[in-house]
Amino acid sequence: MASRFFSVAQILRPHNMLAASFGVAAGYYAAGGRAPSGVIALALLAGLATGAGNVINDYYDEAIDRVNKPSRPLPSGRVSRATARWTYAVATVLTFTGALVWLERDLALVVLAWQLTLYAYARWFKRMFGAGNLLVAGIAASAFAAGSLAAGRPQAAVIPVGIAFAFVMCRELVKGGEDLDGDAAAGVRTVAVTLGRETAARIAAASMLVLAAWIPAPAVAGVYGPPYLLVMALLVEPSLIVGALAIVRSPRKATFARVSRALKLSMFAGIAAIVLGS
């Protein structure tokens, strides 16, 4: 029973759920929100909506994951497709109900938009060239916008949304290089599938270096304080620069996988930098 519970929890991908919740909280704080009661419900629902999106993504990606990530709960057989459907249904109903009960109309509509977009991504858009990457980056970045909206200052989200969107796009390009084999077999038209790993590596590396060069700008402009620049310089910039050099020098699956993991960890550091610098 314990192992089955762990497998169901794994398909929800708690680290992605936490990132979504933290993104909402960071957007709220960066916009001047200071009362935890103003953002807790939205942050929790953002995490739950993300978990549901992860489940339905794995459901439709089972054939791809048999090649790319066979140890995941569905392709390994630790979670059945029926269990995945029920998990998705329960998480979706809880998210929708919670949004109606706890949130104001504008924020409830944001949560509903997340749910619909995550389903559409998994079901259709992931396989379209560029569309899937843009959707994932847009959804991730919108967490900051939702938090700022909850604080009553949506304009404060412009910078964190821009950083988050660019960062997630970079990671999506890297993940495409890692997952090329399964994506190609399933007809998923990523940059790596369409143009090849080496070209994808160069595009991803160029994007990462441009982002690394742009990251200090909010601190230089005085929008964020020194803690933002310090955390970014110590924990985020190195992963972008070193990762870019690594995939260009060795555009192999293992290198893309290693850089993807580093970027995932750096994402949390970036969120912390925005909060500390606000």
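So which residues in the stretch 81-109 are under 20 Å from A43 (Cβ atoms), of a type outside the set (G, A, S) and touching a residue at least 40 places away in the same chain (Cβ under 8 Å), if there are any at all?
Selection gives T92, L94, T95, W102, L103, D106, L107.
For the stretch 1-83, which fully contained helices (runs of 4 or more DSSP H) count at least 1 residues that are farther than 28 Å from R127 by Cβ and of a type outside the set (A, V, I, L, M, F, W, C)?
2-12, 14-30
Could you look through the stretch 250-277, keep only residues that are of a type in the set (S, T, Y) and crowded, with 19+ Cβ neighbours inside 10 Å, and pick out the one that is farthest from A145 (Cα to Cα)?
The qualifying residue farthest from A145 (Cα to Cα) is T255.
Any idea how many residues of the stretch 189-202 are crowded, with 20+ Cβ neighbours inside 10 Å and not in a helix (DSSP H, G or I)?
So the count comes out to 1.
Does F144 count as within 15 Å of the chain's Cα centre (by Cα) and under 18 Å from V24 (Cβ atoms)?
yes
Which numbered condition trips up V188, out of (1) at pLDDT 95 or above; (2) under 20 Å from K126 (Cα atoms)?
So the condition that V188 fails would be (1).
Determine whether the stretch 166-188 contains at least one residue that is surrounded by fewer than 24 Cβ atoms within 10 Å (Cβ to Cβ), in contact (Cβ under 8 Å) with a residue 12 or more places away in the chain and in a loop (DSSP other than H, G, I, E, B).
Within the stretch 166-188 (the criterion being surrounded by fewer than 24 Cβ atoms within 10 Å (Cβ to Cβ), in contact (Cβ under 8 Å) with a residue 12 or more places away in the chain and in a loop (DSSP other than H, G, I, E, B)), the answer is yes, since at least one residue qualifies.
Limited to the stretch 110-127, what total is found for residues that are within 18 Å of I40 (Cα to Cα) and crowded, with 20+ Cβ neighbours inside 10 Å?
Of the residues in the stretch 110-127, 3 are within 18 Å of I40 (Cα to Cα) and crowded, with 20+ Cβ neighbours inside 10 Å.
Limited to the stretch 128-154, what total is found for residues that are more than 19 Å from L48 (Cβ to Cβ), of a type in the set (F, W, Y) and crowded, with 23+ Cβ neighbours inside 10 Å?
Selection size over the stretch 128-154: 0.
Just to be sure, is D65 surrounded by 22 or more Cβ atoms within 10 Å (Cβ to Cβ) and either charged (D, E, K, R) or farther than 30 Å from P154 by Cα (or both)?
No: the conditions fail for D65.
Quick test for you: out of A99, A20, A113, A91, pick the one residue that is of a type outside the set (K, R), within 30 Å of Y228 (Cβ to Cβ), in contact with a helix residue (DSSP H, G or I) (Cβ under 6 Å, 6 or more places away or on another chain) and at pLDDT 95 or above.
A20
Among the residues of the stretch 17-46, write down those that are surrounded by fewer than 18 Cβ atoms within 10 Å (Cβ to Cβ) and either within 12 Å of the chain's Cα centre (by Cα) or aromatic (F, W, Y) (or both).
Passing the criteria: only L18.
Can you tell me how many residues within the stretch 139-198 are of a type in the set (S, T, N, Q) and touching a Lys or Arg at 6+ places or on another chain (Cβ under 8 Å)?
Residues in the stretch 139-198 being of a type in the set (S, T, N, Q) and touching a Lys or Arg at 6+ places or on another chain (Cβ under 8 Å): 0 in total.
Starting from the stretch 205-216, take each residue that is free of Cβ contacts under 8 Å to residues at least 24 places away in the same chain and surrounded by fewer than 20 Cβ atoms within 10 Å (Cβ to Cβ) and list its partners that are part of a helix (DSSP H, G or I) and of a type outside the set (S, T, N, Q), counting only C-beta distances under 7 angstrom and pairs at least six apart or across chains.
P216/L229
The values are calculated or read from the model by the stated rules, or taken from the named source; none is laboratory data. These numbers were taken from a predicted model, which means no experiment stands behind them. Virtual Cβ from ideal backbone geometry, glycine too; neighbours counted across all protein chains shown.
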